[in-house]
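Read the structure below first, then the notes.
Taken together, the values in this text are just the output of simple stated rules run on the coordinates, not laboratory data. Computed from a prediction, not measured in an experiment: that's the story for all the values here. Neighbour counts are summed over all protein chains in view; Cβ atoms, including those assigned to glycine, are modelled from backbone coordinates with ideal geometry.
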Amino acid sequence: MFIGRHEAAVDSKGRIHLPAKVRDALEKFGGQLVLTISDRCLAGYPKNMWLEKYEALEKEAHTPERGDLLRAITENAVELEQKNGRILIPAWLRQYADIEKDVVIVGRIKKIEIWSAARHARVAEGYEPEKLSGMLRNLGF
């Protein structure tokens, strides 16, 4: 499973070095990563989980909005190969997520999120500890 927060740098070619814990978890899921757009960041799924998620969405009733969403998810998806522990994030995905130099990789159990460090910091500043504490208690954490 993917957990934790990891910081990484983007090199001049758009590559990031995946932390060992992320690489190890990915290997347990089969090793292949699909990266696509998400809410203010990029989402990376093990390939088999990506297919399961997509197929579940595709089974729901078709609407023009759902068709647009599925198209956006798939046309902005890319299968990534690890080379020496690094992945190459295409320019259009870096632009979508406002990724320039530094990133934060967040484990989300069955996926990872790759955030622009600056955008992640802005989102994290909005966390309200008291509100989060109450929500966590309600969920049994």
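Below are the figures for this structure:
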read-out	value
At most 15 other Cβ within 10 Å, DSSP loop - trypsin sites (Lys or Arg not before Pro), region 83-118	Lys101, Arg108, Lys110
Net charge contributed by nearby residues that have their C-beta within less than 10 Å of Asp11 (K/R +1, D/E -1)	+4
Most fluctuating residue given options Asn84, Asn48, Asn76, as computed from a GNM of the chain linking Cα atoms under 10 Å	Asn84
Relative contact order [Cα under 8 Å, 6+ residues apart], region 20-141, whole percent	27 percent
Shape call, region 97-138: gyration tensor on alpha carbons, a/c limit 1.5	oblate
Alpha-carbon spread of the chain, three principal axes, descending order, Å	42, 39, 30
Loop-resident sites, region 29-119, for GluC sites (Glu not before Pro), counting at most 11 other Cβ within 10 Å (DSSP)	Glu60, Glu81
Pairs beyond 25 Å (Cα-Cα), from Lys21/Lys110; Lys21/Lys101; Lys13/Lys110; Lys59/Lys111; Lys59/Lys110	Lys13/Lys110
Low-density loop cleavage sites - trypsin sites (Lys or Arg not before Pro) in region 3-80, where at most 15 other Cβ are within 10 Å (DSSP)	Lys13, Arg40
